[in-house]
Every structure is written in C-alpha cells, then in structure tokens.
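Let me begin by presenting the structure, written as structure tokens, before commenting on it.
The values are calculated or read from the model by the stated rules, or taken from the named source; none is laboratory data. If you're wondering where the values come from, they're calculated on a predicted model, not measured in any experiment. In this analysis, Cβ positions are derived from the backbone assuming ideal geometry, glycine residues included, and neighbour counts consider all displayed protein chains.
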C-alpha cells in the first residue's frame, strides 16, 4: 500500500515533465503596470511604460477621434496615473484603466490621423516613439550623429547670426523705448518725475464687531460688564506725494501719504450686577451708546507698474504706516450704581455714564493697487484699492482691538 502511494505521484510527475506543457500555470509574481513617463526630443516624444512581471501586448488604432490602443496582459494591478497629459509630437494624452480581468488598456489620444509611431520592447516594459507625419522621426540617440555629418550647417550659423544679432539689438531697443515714453501720458521713463494725489472714499472693517468682558467689585462680590462695539463704515480722505523711479526696467512709485479716518461705532453694554443680600440673584442692566471716532494715519508706499496700455496704468505694492487717534470706552473704575429696594432689575441704574477717551496708536501694514487713467500728461484719474492690518493693544480692555480695513478711494493725480 505504501509503495502504491509513492509510485502514483512519481508517475504523474514524469508524465507532466515529458509532455512539455503545464496543465496548471502558476505565476509566482504579481504583475503591475507601474508607471508611464515621457521625454520630448526634437519633433518626437518618447513614452515609456514600466511593467513589473511578464506580459504581452496587443496594439490597434481607432478613429473618430483618433486613438492608438494598447491592451497589456496579464496585469493584476495598475499603479500608474489614470491620465498623463503629453501635448507634444501629435499625442494629446494617455489614459489608463482596467479593460477586463487581467487586461490593462492604454489609450493614446492623437491630434490627427497623421501621427506616426514606433514600438520597442525594453527590460522595463515598452517604449513608444511618436512624431507628426513629415517631421524628423530620428530618435534621440540617432540625432546625436547629425552634427558630425553636417559640418557646413555649423559654419553658416556662426557667420549669419553674428551679422544679424549685432545690428537688430542696437536698432530695436533704442527705437522702442522712445515711442513708449512719448506716447504714454504718465511719467516713468528715463527722466525723474513727481506726483501729488488727493482722494477720498469708503472703508469697511474686516471684523465689524468686537466684544470684551471686564469685572468690577460691588457689595463684596464681583460683577461683570460685557461691551460690544459694532464698527460702521469709515470715510477716509488722503493726500500723498512722491516720485517715479525705475527698478531695472520697471517704473516704481515711491511716496508718503497722510490720511484722515472718520467712523462711527455702536456700543452695547450689559452689566451683571450682584444683589446686595442674595448671592444667587444677580440683576441685569443694559445700556447703548453711539460713538464717533477720528484717526490720523501716516504711511509710506512702494508701488510697481504691473500693467500699462495707452492711457491705462496699474501699480501695485506694499505699504506701511502708523495710525493714531482716540476711542471712547466706559470707565469701569468710575461706575456708580443707584440701587433701590426691592432690588430688582429695574431698580438698579448708573448715574452718570462715565466714559473714557483712550488714545490709540499702532503700526499697520497693507497692500495697495492703484488704477490710473491719464487725462493728459499732467492729470490722471485714480482708483486706489487697499487692505490693511491694524490690531492695537488696549490695556484698559486687556485685549487687542482689531481695526483691520479694506478701502476703495477715488481721486486725482497731478504729475510734474
């Protein structure tokens, strides 16, 4: 019985080996379409397809639209990108995906039917070279031999470019800048010019509401005051002056500006007032007040010309400044409560309302874009757009007060 068990497997092994074929093929390695890359060389583009494992391929063309299709198998997985944009040599892109089990399909989208290709097998996979019909179809390795054969071609460019390259650069650069300076209404050529501009407009606060909490003692307990300030539109007006310079070939506006800001804010105050006898019976008192605030800002800016076409010019760049002014707050140290029995919410009042004018000063930074339309060589219309960050610290509030803004101003500029 033991001999029979040993004999049967041996006989099967001999028969299978002698037949020269495998009844049950087994692939020890998982095949993968790993990567698709391309290299541009002259008029050709060389696409490399890297495959791990043994594979075969089937190639055919489709029309309307024009496509070249590769079915690669057997492929277990696809690690390559689903689409690779090429846009060269007549090939728009290559798309990759599973066509069916163990078959990966690569579709090359072609510009026209007049695209030639050459397929080669490499150790890593496939290499396909594309070129448009009528273009030089030599591969990158073959092109390296051309300079050795065509020596006269090298000699001709050495003579002709030297004669042509020296004359045009001297004639054209000298001729082009002069008409631009003469026709442009704005200064900014080789001569130094100056400007003065005046304008006004509207500004909006990037954070229109600010809330703060402060505490005060009363009846041996602690009360709380919550302040909310709603910032309204700012109406900035400005006066600036400066001059035109050149950074390499780009005109630059350097200047100083002084601005006057005028804006309102609505203040809402809610007091949580302790009860004189009951520890868990606080009263609530609400007040409202409107404030008007005035600030002065001094700044410096450097704006680079980013666009110029006829009478229209656009400058943009950074600016930095110092803003100072006054803001009105409630003075919690001078608050006096008029408290009457029976000590409900309506029985507590503040008389008078003690307000404190607080001086504020802080540096700010921003960016500005100026659109200028020239009416003549001396006068221009302006539209200035800017955003600035201003966040001064207020010691009385134990916090910062975000006054960052965005401005739009119109005005006039005089050049001299």
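General observations
- Test: residue in the stretch 215-229 that is surrounded by fewer than 13 Cβ atoms within 10 Å (Cβ to Cβ), within 42 Å of the chain's Cα centre (by Cα) and on the phi < 0 side of the Ramachandran plot: no
- Residue 342 being free of Cβ contacts under 8 Å to residues at least 12 places away in the same chain and under 20 Å from residue 223 (Cα atoms): yes
Yes or no, residue by residue, for (1) over 30 Å from residue 203 (Cα atoms); (2) within 47 Å of the chain's Cα centre (by Cα); (3) at pLDDT below 90:
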residue	(1), (2), (3)
246	yes, yes, yes
256	no, yes, no
261	no, yes, no
266	no, yes, no
274	yes, no, no
287	no, yes, yes
291	no, yes, yes
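- Here residue 342 meets the list (1) part of a strand (DSSP E or B); (2) over 22 Å from residue 230 (Cα atoms) almost entirely, failing just condition (1).
- Residue 372 vs. criteria more than 20 Å from residue 260 (Cα to Cα) and not in a strand (DSSP E or B): no
- Verdict on residue 80 being under 34 Å from the mean Cα position of the chain (by Cα) and part of a loop (DSSP other than H, G, I, E, B): yes
- Residue selected from the stretch 348-374 under the condition without any contact (Cβ under 8 Å) to a residue 40 or more places away in the chain and surrounded by 14 or more Cβ atoms within 10 Å (Cβ to Cβ), by the criterion nearest to the chain's Cα centre (by Cα): 358
- When restricted to residues that are touching a residue at least 60 places away in the same chain (Cβ under 8 Å) and either over 13 Å from residue 339 (Cβ atoms) or surrounded by fewer than 18 Cβ atoms within 10 Å (Cβ to Cβ) (or both), the stretch 268-277 contains 4.
- Those residues of the stretch 375-392 which are at pLDDT below 95 and surrounded by fewer than 16 Cβ atoms within 10 Å (Cβ to Cβ), in sequence order: 375, 376, 377, 378, 379, 391
- Residues of the stretch 281-297 that turn out to be surrounded by 13 or more Cβ atoms within 10 Å (Cβ to Cβ) and either under 30 Å from residue 321 (Cβ atoms) or not assigned by TED's automatic domain parsing to the domain that holds residue 366 (or both), as a count: 6
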